[in-house]
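The values are calculated or read from the model by the stated rules, or taken from the named source; none is laboratory data. For clarity, every value in this text was computed on a predicted model and none was experimentally measured. Backbone-built Cβ (ideal geometry, glycine too); neighbour counts: all protein chains shown.
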Amino acid sequence: MKAIIKAKQIGGSIAVIIPKEIVEMERILPDDTLKINVEKTDSFNWLWGRFKDIKKPTDQIMKEIDEAELDD
């Protein structure tokens, strides 16, 4: 069973919470030993707030892009 979950900081460690549906489906109990495959997903959180100084509306920017493509 695969799931996309978020890592959380707990003290000096990083922990993940297994969704209830998976716990029930796999019958996971406290102190069970689990085998996991860790693969980081792409994240674009670093972009958040980077373009706040852009004053043009999106439709105007898109129109300029379309016009530039026609010029080529």
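Selection of region 18-72 for residues being surrounded by 10 or more Cβ atoms within 10 Å (Cβ to Cβ) and either within 16 Å of I5 (Cα to Cα) or at pLDDT 90 or above (or both) yields I18, P19, E21, I22, V23, M25, E26, I28. Can we say I54 is part of a loop (DSSP other than H, G, I, E, B) and either hydroxyl-bearing (S, T, Y) or in contact with a strand residue (DSSP E or B) (Cβ under 8 Å, 6 or more places away or on another chain) (or both)? For I54, the condition - part of a loop (DSSP other than H, G, I, E, B) and either hydroxyl-bearing (S, T, Y) or in contact with a strand residue (DSSP E or B) (Cβ under 8 Å, 6 or more places away or on another chain) (or both) - is not met. You will find that of I14, I4, the residue that is assigned to a strand (DSSP E or B), of a type in the set (V, I, T) and loosely packed, with under 10 Cβ neighbours inside 10 Å is I14 and no other.
Only one of the listed residues (I36, I65, I4, I10) is in contact with a Ser or Thr (Cβ under 7 Å, 6 or more places away or on another chain) and either free of Cβ contacts under 8 Å to residues at least 24 places away in the same chain or of a type in the set (A, V, I, L, M) (or both). That residue is I4.
Filtering region 17-51 to residues that are assigned to a helix (DSSP H, G or I) and among the basic types (K, R) leaves only K20. Taking the criterion of being of a type in the set (S, T, N, Q) and at positive phi, no residue of region 29-72 qualifies.
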